[in-house]
Amino acid sequence: MTATDVTWHHGEVTRDAREALLGHRAACLWLTGLSGSGKSTLARRVERLLVERGVLAYVLDGDNLRHGLNADLGFSAAAREENVRRVGEVARLLVDAGVVVLAAFISPYRADRARVRALFEEGRFVEIHVATPLEECERRDPKGLYARARAGEITSFTGVSDPYEPPASPELVVDTTGAALDATAAEVVAWLARAALIPPA
């Protein structure tokens, strides 16, 4: 059902004013990759590093949002599309509030990620491919999901029975295989500084 007879109300405070108050620019960092690739762990560490630098940052985590906002969604292609759509809209609101948002979602389909990118101005959406190989993700299997998927207990599992479409041209690619978490997180923070989204250290 589509909402009708609704009007967007513009406020008296702009995003630019909020950014001036905070001392940094706002953006959506979209971390995409397979289950077990390290998206959420990396997002949480980057969030901490940013806050320690005085940057207002917040993580939107796939599993966490499925406890509330997206609790009614399954894992079909249509449900995954709606999951990503909702998160994109939440991220857009947070960016308007001046926040550096870290969205950690498998988000396996390029078209879904492209629709989220289209919500943002140029330079405000940063796609980060956490490109940890399937073999390493399956070796880690922190939630036991790959084992269950291989046993046929879970259907529509990305990387096993469902496809993952890697980004064609992400702003940043990281591989957490054998990499120290602090070093990988620092790489993301350094990229943000080079892009002038946050002040230099």
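Consider VAL130 carefully, then state whether it is surrounded by 19 or more Cβ atoms within 10 Å (Cβ to Cβ) and among the hydrophobic types (A, V, I, L, M, F, W, C). For VAL130, the condition - surrounded by 19 or more Cβ atoms within 10 Å (Cβ to Cβ) and among the hydrophobic types (A, V, I, L, M, F, W, C) - is met.
Residues of the stretch 9-31 being in contact with a strand residue (DSSP E or B) (Cβ under 8 Å, 6 or more places away or on another chain), hydrophobic (A, V, I, L, M, F, W, C) and part of a loop (DSSP other than H, G, I, E, B), which ones? Across the stretch 9-31, the qualifying residue is only ALA26. Residue count for the stretch 151-196 satisfying the condition of being of a type outside the set (A, V, I, L, M) and surrounded by 13 or more Cβ atoms within 10 Å (Cβ to Cβ): 17. Of the residues making up the stretch 58-74, those that are outside any helix (DSSP H, G or I) and under 16 Å from THR32 (Cα atoms) are VAL59, LEU60, ASP61. When the residues of the stretch 182-199 are filtered to those that are of a type in the set (Gly, Ala, Ser) and outside any helix (DSSP H, G or I), which remaining residue is nearest to the chain's Cα centre (by Cα)? Here the answer is ALA195. Here the condition is being surrounded by 11 or more Cβ atoms within 10 Å (Cβ to Cβ) and either touching a Gly at 6+ places or on another chain (Cβ under 6 Å) or in a loop (DSSP other than H, G, I, E, B) (or both); of VAL55, VAL51, VAL6, it holds for VAL55 alone.
Being β-branched (Val, Ile, Thr), farther than 18 Å from VAL51 by Cα and out of contact with any helix residue (DSSP H, G or I) (no Cβ under 6 Å at 6 or more places or on another chain) is the filter here, so list the residues in the stretch 73-101 that pass it. Within the stretch 73-101, VAL87, VAL90 meet the criteria. Residues considered: ALA131, ALA149, ALA195, ALA168. Of these, the only one that is of a type outside the set (Val, Ile, Thr) and over 20 Å from ARG80 (Cβ atoms) is ALA195. Does the stretch 10-25 contain any residue that is hydroxyl-bearing (Ser, Thr, Tyr) and either touching a Cys at 6+ places or on another chain (Cβ under 8 Å) or touching a residue at least 24 places away in the same chain (Cβ under 8 Å) (or both)? No, every residue in the stretch 10-25 fails to be hydroxyl-bearing (Ser, Thr, Tyr) and either touching a Cys at 6+ places or on another chain (Cβ under 8 Å) or touching a residue at least 24 places away in the same chain (Cβ under 8 Å) (or both). With the requirement that a residue be touching a strand residue (DSSP E or B) at 6+ places or on another chain (Cβ under 6 Å) and not in a loop (DSSP other than H, G, I, E, B), what does the stretch 117-160 give you? Those that are touching a strand residue (DSSP E or B) at 6+ places or on another chain (Cβ under 6 Å) and not in a loop (DSSP other than H, G, I, E, B): ARG117, PHE125, VAL126, GLU127, ILE128, HIS129, VAL130. Residues that are within 30 Å of LEU22 (Cα to Cα) and in a helix (DSSP H, G or I) do occur in the stretch 161-181. Take the conditions out of contact with any Pro (no Cβ under 9 Å at 6 or more places or on another chain), of a type outside the set (D, E, K, R) and within 14 Å of SER35 (Cα to Cα) and apply them to SER169. Does it pass? No: the conditions fail for SER169. Evaluation of PRO108 against the conditions (1) in contact with a Gly (Cβ under 8 Å, 6 or more places away or on another chain); (2) part of a loop (DSSP other than H, G, I, E, B) shows that the sole unmet condition is (1).
The requirement of being basic (Lys, Arg), farther than 24 Å from PRO199 by Cβ and surrounded by 17 or more Cβ atoms within 10 Å (Cβ to Cβ) is fulfilled somewhere in the stretch 33-45, by at least one residue.
Readers should treat all values here as calculations from the given coordinates under stated rules, not as data from a laboratory. Everything numeric in this text was worked out from a predicted model, so none of it was measured. Methodologically, a virtual Cβ is constructed for each residue, glycine included, from the backbone with ideal geometry; neighbour enumeration extends over all protein chains shown.
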